[in-house]
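Here is the structure we will look at, set down as structure tokens.
The values are calculated or read from the model by the stated rules, or taken from the named source; none is laboratory data. From a predicted model like this one, the values you see are computed outputs, not experimental measurements. A quick note on method: Cβ atoms are made from the backbone with ideal geometry, for glycine too, and the neighbour counts reach across all protein chains shown.
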Amino acid sequence: MSESTKSSRWALWLPLAIFAAFVVLAVAGLLWPAQREVASAMIGKPLPEFNLPAAVPDRPSLSKADFADGKPRLLNIFASWCIPCAVESPQLAQLSAAGVEIHGIAIRDRTEDVSSFLARNGNPFSRIGRDDVSQVQLGIGSSGVPETFVIDGKGVIRYQHIGDIRPEQVPMILEKLQEAAQ
Amino acid sequence: MRAFLLFLLAFFAAPVAAQDTMPPAPFAYRQLDDPAQEEKAQALMETVRCLKCQSQSIADSDAPMAGDMRSQIRMRIAAGEDPEAIRAWLVERYGDYVSYSPRITSLTWPLFAIPVVLMTLAFLLLRRRFGRKGDV
């Protein structure tokens, strides 16, 4: 058998091999879809300067200065029109009951809608700012609602949780707050 | 009777508000008055990824957040900010993924190097082949 026929016999299988590789790639892409969350690149950086008006009459407004008193706390990005935000409210209530201070930012929301959302789901927030044009949301690299940020006592972003906080994730959030306190 | 009503109810979808009812941000759908500035803003908006609908640029997307991003970009360009400075500001917050115009970094250099290497290789191979033919 000459060299050339040997190599052409191998070449005969090449298209099938390439096709098989493509099938494997396509199936892998279907079974393990790519991560669609865009993580903030602001972890370890201070909050940007901001000063938001109050979202509801019974909670004060929110600015960067409210995060710089030496105590770590949570910043929850939410909206009354967001379903998972209502789903996570028992977890926020649990965190609040554990002594965690939670500041909220309502994204593109009306006062009456936020009020009725809080009346329905409970109000774990000590302050709620109103961000009508997602200005602070863009400033901290958040790409959706709900998101929860751990902010340390100097106003530095220490951790970002994307999506609603599930009941089993509450201890993890408490741990992150403890890390931020050190 | 109650069970029957519930059964009937199952056939009707309860509409759920999935998006806000707020009006769009001031410059989400309004062009800048200065055509030169609007052109700069448009060029930038076409190369910034929408974070809600990630295969669209913010220029193509009707997601409220994309509108907020367009408004902020237009307002900052109207205030005299350089488009590339705004892109850098966004990359600082969301990482390289937010920009459709790739930068050369320690991670992305093969994207730029591989075509050059392949072209050089093809050129050398072709030259050898044609060179040999020339000899015959």
| field | Condition check for residue A:84: in a helix (DSSP H, G or I) and within 22 Å of residue B:53 (Cα to Cα) | value | yes
| remark: (1) part of a helix (DSSP H, G or I); (2) acidic (Asp, Glu); (3) farther than 20 Å from residue B:21 by Cα all hold for residue A:58 apart from (1)
| query | When segment A:98-134 is examined, which residues are found to be within 14 Å of chain B (Cβ to nearest Cβ), polar (S, T, N, Q) and out of contact with any strand residue (DSSP E or B) (no Cβ under 8 Å at 6 or more places or on another chain)? | reply | A:116
| residue B:73: under 30 Å from residue A:84 (Cα atoms), modelled with pLDDT of 95 or more and touching a strand residue (DSSP E or B) at 6+ places or on another chain (Cβ under 9 Å), yes or no? | yes
| Out of A:89, A:142, which single residue is among the hydroxyl-bearing types (Ser, Thr, Tyr), under 30 Å from residue B:26 (Cβ atoms) and buried (at least 21 other Cβ atoms within 10 Å of the Cβ)? | A:142
| Selection within segment B:42-64 - buried (at least 24 other Cβ atoms within 10 Å of the Cβ) and in a helix (DSSP H, G or I) | B:44
